[in-house]
Amino acid sequence: MAAYLSPLFFFFLLIVHRLTVSADSPLKKTFIFRVDRFSKPSVFPTHYHWYTSEFAESHKILHVYDTVFHGFSATLTQQQVDSIGKHPSVLAVFEDRRRQLHTTRSPQFLGLRNQRGLWSDSDYGSDVIIGVFDTGISPERRSFSDVNLGPIPRRWKGVCETGTKFTARNCNRKIVGARFFSKGHEAGSNAAGPIIGINDTIEFRSPRDADGHGTHTASTAAGRHAFQASLEGFASGIAKGVAPKARLAVYKVCWKNSGCFDSDILAAFDAAVNDGVDVISISIGGGDGVSSPYYLDPIAIGAYGAASRGIFVSSSGGNDGPNGMSVTNLAPWVTTVGAGTIDRNFPAVVTLGNGRRISGVSLYAGAPLNATMFPLVYPGKSGVLSVSLCMDNSLDPKVVAGKIVICDRGSSPRVAKGLVVKKAGGVGMILANGISNGEGLVGDAHLLPACAVGSDEGDSMKAYASSSANPTATIAFQGTIIGIKPAPVVASFSARGPNGLNPEILKPDLIAPGVNILAAWTDAVGPTGLDFDTRKTEFNILSGTSMACPHVSGAAALLKSAHPDWSPAALRSAMMTTASTTDNRRQPMTEESTGKASTPYDFGAGHVNLGLAMDPGLVYDITNTDYVNFLCSIGYGPKMIQVITRTPVTCPAKKPLPENLNYPSIVAVFSSLSKGWSTKSFIRTVTNVGPANSVYRAKIEAPKGVTVKVKPSKLVFSAAMKKQSFVVAVSADNQNLALGDVGAVFGWVSWSDGKHVVRSPLVVTQLEPL
């Protein structure tokens, strides 16, 4: 595995190569400036007055940050930025960056019972406010009704911003607040430009959702019960969010077809913390697949500001799986969520002219093919990449007209490929996965008869279409099937570990339902989200870690309501240590791309099980001081750390170890150059949140070729003794570790009192030292 670059290296790049344009360029870009707030001269009544007097003219400043972050964002030239960067009060400067979104039975699949039982008969969640950072909301949807909801929590200080097609009446006791952030989006040469008319698409300068993603995630987290919900007949039934009585605060930071900008996201964090949210759900990540150091990552910085004030932050891990080290949003104060399947599917069957039947999935709801056999063609056999991918204007009507066309997945939206086929006269499409997607399938609401198939089946179909004298095929659509086994399965697209910044911290933390999720949708665009799709639907079915993240946000809201004194780390610990690693066959969870057994690099601690998380027995808590010590342990100096924490810090005289952060998982990183046996010890502290007088005993499931010891092996709790510490000693023969394809071996350390099982994944890996 590749060696890890030190944070000092990144900090050096920040200072020396802050910009990529030349110093004499008149080009203006947006930058975020981290300023030491304690340096403000007393002559200035506010930081804003100081910034506009000493750093930038008022019309150039976009946002002033004063809660999770201290400083401002402004649109300036290279020369101006260089000058400001030399000011002794400026701790860091970074260029505004564009981010991307990580795009009815799922609450039941979390361990919630439908319509009756603990969660629905109670008022759990009604006192909790979930802030959703996304593309806005469609407030008229039934999922956001405030019928039978009590008064808005008195501590709420947020507002309902008005704008295009959004009035104060669009907020209610369910949507308690709504804001939109566009200044960073519109300013500077590195921005996307004016909101209205972006890429000739419909947008609203208001909290109203023109994209659909925000409406979907908000209703997944906290949508009310909506009867007779479906997408054109698919997944029909009752749609509801994980925490139907929780309140929603909407922060529109992403805009249709143009992404989300760091300066706006940071402003939303500032607002949400001041407004009084309890949970923040952010299904957004880096658009370049690279994770920045925490002090250069506004999502990590904003999330720290929220978590340090007791706000639980849930984020999507990204959709770049099944590639290793693809997980993003890695900060240890953020709960990072991967995606799994649920026990529902939308099967379609391709029948070839040779009689072979191939299984796929589809959400196509138009006129069926009625078993009519059509000519089958794979235009990609020409060897032209754009043709094999069915890119816009790539298909020759003479080749595809009247035929079912095989298109390779990738480079363009899946449903857009179908439109290309349709425009060229094709009657249907088969979307074939490549090797990277393997056998993982997601359903799409196609505009022509189409279905997705796995990589192996796609290859066999291409071979048939290329070798047969008269290849033919038809597609049959089979609606909705529930009770699918196995489930959950780790989605092929779900981003994987290890953690590319700090391998000592396991990421993702856990997985939740993220494949074929039914939730509310905007009426501004059709179910494909593409401008040419004129269909209207109240609900849509989407897949992605974007869909998994709000499941965990809703779960955190219910847990917070039941345990208002628990910290964000305790809430995460409860979900991680009770997570499931088996499927509905009671077999170890598999991963979708290969069908093989999955590992903690795929699912973290496992699949969230809210019923068990309610009563976890023990939790691993983490304080703000613990996080500061962690940052010291990974080589950050006081100035770097202050960029994140806002206040000056002092690192301990003895440098801490990153693996001793009190995380609910353990990663032992050995040197690949060491010879013979080595031992690493890990200190953990658990807090008893169950019966006061409890005795827990350790159970060890050691990785293959590894020796694991826990001291003490018994923990005794009482009313006076709620916390206990223990040491896990992991020993391995460095020269004979059989790490396998993923470069690690896996085990578990559990504590049990006979009722509760508090389980932590144990990962053993090797890295080449720097």
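The values are calculated or read from the model by the stated rules, or taken from the named source; none is laboratory data. Just so it is clear, the structure is predicted and the values come from calculations on it, not from any experiment. Methodologically, a virtual Cβ is constructed for each residue, glycine included, from the backbone with ideal geometry; neighbour enumeration extends over all protein chains shown. Side chains included, ligands, DNA and RNA excluded: accessible areas come from the protein's heavy atoms. Shrake-Rupley method; radii C 1.70, N 1.55, O 1.52, S 1.80 Å.
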**Report entry** Straight-distance crosslink candidates among lysines, where the alpha carbon sits under 17 Å from K422 and sequence neighbours closer than 8 are dropped
**Finding:** K398, K403
Report summary line: Given Cβ charges of +1 for Lys and Arg and -1 for Asp and Glu, the option among A306, Y378, V442 whose Cα lies farthest towards the positive end of the dipole of the chain is A306
Query raised in the report: Could you give the distance between the Cα centres of segment 532-551 and segment 476-518, to the whole Å?
Result: 16 Å
Requested in this report: Calculate the length of the line joining the C-alpha centroid of segment 640-669 to that of segment 584-638, in whole Å.
Outcome: 18 Å
Query - Å³ per residue enclosed by the Cα convex hull of the chain - result: 172 Å³
Query - Calculated [θ] (222 nm, deg cm²/dmol) that DSSP helices of n ≥ 4 give over the chain, each run adding -39,500 (n - 2.57) - result: -5500 deg cm²/dmol
Requested in this report: Per residue of segment 133-142, in order, report the coupling 6.51 cos²θ - 1.76 cosθ + 1.60 (Karplus, θ = phi - 60°) as ³J(HN,Hα) in whole Hz, putting x for Gly and Pro.
Outcome: 8, 6, 9, x, 8, 9, x, 6, 4, 4
Report summary line: Expressed as a percent, the accessible surface of segment 347-479 that is carbon or sulfur, using a 1.4 Å probe and the full set of protein chains, is 54 percent
Query raised in the report: With charges set only on the Cβ (+1 for Lys and Arg, -1 for Asp and Glu), what does the dipole of the chain come to about its Cα centre, in debye to the nearest 20?
Result: 1260 debye
**Report entry** Cubic angstrom per residue, convex hull over Cα atoms of segment 151-283
**Finding:** 123 Å³
Query raised in the report: Tell me, what are the semi-axes, in whole angstrom and largest first, of the equivalent ellipsoid of segment 347-479 as set by the roots of 5 times the Cα gyration tensor eigenvalues?
Result: 18, 16, 15
Report summary line: Looking only at lysines whose Cα falls under 21 Å of K704's and that sit 8 or more positions away or on another chain, we get K596, K675, K680
Query raised in the report: Accessible area, 1.4 Å probe, largest first: how do K639, K423 sort?
Result: K423, K639
Requested in this report: Towards the positive end of the charge dipole of the chain, with charges on Cβ (+1 Lys, Arg; -1 Asp, Glu), say which of I666, A267, P41 has the farthest Cα.
Outcome: I666
Query raised in the report: Over 22 Å between Cα atoms, which of K183/K639; K723/K755; K417/K536; K256/K423; K485/K507; K29/K165 qualify?
Result: K183/K639; K256/K423; K485/K507; K29/K165
